[in-house]
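A.B. asks: Take this structure first; my questions come after.
Any read-out appearing in this document is the output of simple, stated calculations on the displayed coordinates, not a laboratory observation. Everything quoted here is computed from the prediction, not taken from an experiment. Note that we place each Cβ from the backbone using ideal geometry, even for glycine, and neighbour counts take in every protein chain shown.
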Amino acid sequence: MNAFLRAAVVAASTVALASLLAPEGKNKKWVRFLFSLAAFSILAASVAGLSPSDMGEWADTLPPAEADQGQAEDYLFRTAEHALAAALAEELGLAAATVTVRLDEKATPKTAAVTLPKGADAGWALTFLQRQLGADWEVTAIGR
C-alpha cells in the first residue's frame, strides 16, 4: 500500500508539473496527455506490484545493443542454460549453484550435458531435460 501511495503522489506531481511547464497553444494538450499517460503507467505498475528496481532488472536480461547476431544467439543459449539449471535444481530439491547445464546447439545432433552433485537422481534429470528440450537433443548427465 505504501508503494501505491508513493506512486500516486509521484503521478499527481508529474501531471501538475506538466501542466505548469507545457507550452501555450495547441501543443499543451498533447504534452499534458503524454505526462498523464506516464503517470498512469506509474500507477498501473504500482498496482501490478512492479517497482522501479524490477524494471531496471529487465534491462539486465537483454543482450547489449551493440552485440552482433552470433553474440545475441550465444547470450540467449547461455540464458537458457541458467534457466534450465535453476528449474532442474528446483525439481530435484537441490541448491541452484550445484547444478549446471551446458547446451551445444552447433553439434550434430544438438547436445545438452547436465552436471549434478553426488547422489542426485541423474535419471530424473535426463528425463526432465529431454522433456524440456525435445527429441532432437542428445542429453547426458555428468556426476561429481
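A.B. asks: If packing is taken as the average number of other Cβ atoms within 10 Å across a peptide's residues, how do 124-133, 74-83 rank, most packed first? List each step's numbers first, then the result.
C.D. replies: Values: 124-133: 16.4, 74-83: 13.6.
By packing density, highest mean first, the sequence is 124-133, 74-83.
A.B. asks: Using a 10 Å cut-off on Cβ atoms, rank the peptides 86-92, 115-121 from the highest mean neighbour count down. Display every interim value, and only then the final one.
C.D. replies: Working: 86-92: 16.9, 115-121: 15.1.
Final packing ranking: 86-92, 115-121.
A.B. asks: If I histogram all Cα-Cα distances within the stretch 68-144 using bins 5 Å wide from 0, what percent of pairs lands in each bin?
C.D. replies: Reading upward from the zero bin: 3, 17, 28, 25, 15, 8, 3, 1, 0.
A.B. asks: While we're on this one: Considering amide H positions built from the backbone, and no H for Pro or chain starts, which residues 5 or more places from Lys110, or on another chain, come under 5 Å of its amide H?
C.D. replies: Glu138
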